[in-house]
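Each remark here refers to the structure printed beneath this line.
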Amino acid sequence: RLMSIYSFPPLITVCCFAAFAVFVLINHPGPRSNTLAYILWCITTCHWQLSWAFLLSTRDPHLAVFLARLGYTGIAFIPIAFYHFVIANMSPTLDRRFLKWAYGIGFLFGLSAWIDSLFVNGVAWHPWGYYVRAGVLHPLFLLFLCVLVLRVLLLLGREIRSEPLGSRRGRHARILRFAMLIYLPASLDFAI
């Protein structure tokens, strides 16, 4: 069967984020932590969107559950990767210790996507295709996501206020805040 029309926006997102990752990798070679964190954010976003592109096209309920679990394995790390990218650019030492815990929590959420109905409670059919049903751990994930988003907004706000208006770090913080505001509407996905 051909891809569903609803699969095209996720596929376009995959192409964009893959291009962003390649562009950054080519222009900033080497193991810099902010470059690696950015590429990880792009990879986790591609993972999610590619899983969703196939999820929205399949008619097989068993494959749909597998794709939903696969997608949520990546989704578990998206907010952590963005948080990692922000602190790699802002350098708050307190947050570097919390980052290890955040990745551990993300690993547990990613693992729970594959355990019965803890994080992913199967799928439901909608006019646009199969879509994930939230498990009992999903509200905890949303709380975790909100904590990371608020922390990132706090860090960026603090950086913007502390830097002179035309400074490089201030501009960078404003760009990151703008990027986050562009990305945040993707969270409307959770409303379904």
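Some notes on this structure:
Listed here are the residues, each with its yes/no results for (1) surrounded by 13 or more Cβ atoms within 10 Å (Cβ to Cβ); (2) of a type outside the set (Ser, Thr, Tyr); (3) more than 25 Å from Ser4 (Cβ to Cβ); (4) modelled with pLDDT of 85 or more.
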site: Leu94; (1), (2), (3), (4): no, yes, yes, no
site: Leu111; (1), (2), (3), (4): yes, yes, yes, yes
site: Val123; (1), (2), (3), (4): yes, yes, no, yes
site: Val152; (1), (2), (3), (4): yes, yes, yes, yes
site: Gly157; (1), (2), (3), (4): no, yes, yes, yes
site: Arg161; (1), (2), (3), (4): no, yes, yes, no
site: Ala173; (1), (2), (3), (4): yes, yes, yes, no
site: Arg177; (1), (2), (3), (4): yes, yes, yes, no
site: Phe190; (1), (2), (3), (4): yes, yes, no, no
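So that you can scan it fast, the table gives a plain yes or no per residue for (1) touching a Lys or Arg at 6+ places or on another chain (Cβ under 9 Å); (2) in contact (Cβ under 8 Å) with a residue 24 or more places away in the chain; (3) over 30 Å from Pro61 (Cα atoms):
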{"position": "Pro79", "(1), (2), (3)": "no, yes, no"}
{"position": "Leu148", "(1), (2), (3)": "no, yes, yes"}
{"position": "Arg151", "(1), (2), (3)": "no, yes, yes"}
{"position": "Ser167", "(1), (2), (3)": "no, no, yes"}
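- Whenever a residue of segment 95-124 is more than 30 Å from Leu155 (Cα to Cα), its partners that are at pLDDT 90 or above and open to solvent by 70 Å² or more (accessible area, probe 1.4 Å), lying with C-beta atoms within less than 6 angstrom and at least six residues away or across chains, give the pairs Asn121/Arg133; Gly122/Arg133; Ala124/Arg133.
- Number of positions in segment 1-54 that are open to solvent by 20 Å² or more (accessible area, probe 1.4 Å) and under 16 Å from Asn89 (Cβ atoms): 13
- Of all residues in segment 125-150 being in a helix (DSSP H, G or I) and β-branched (Val, Ile, Thr), the one that is surrounded by the fewest Cβ atoms within 10 Å (Cβ to Cβ): Val147
The values are calculated or read from the model by the stated rules, or taken from the named source; none is laboratory data. Quantities reported herein were computed from a predicted structural model and do not represent experimental measurements. Here the Cβ is made from the backbone with ideal geometry for all residues, glycine too, and neighbour counts use every protein chain on show. These accessible areas exclude ligands, DNA and RNA; they are computed on the full protein's heavy atoms, side chains included. Shrake-Rupley method; radii C 1.70, N 1.55, O 1.52, S 1.80 Å.
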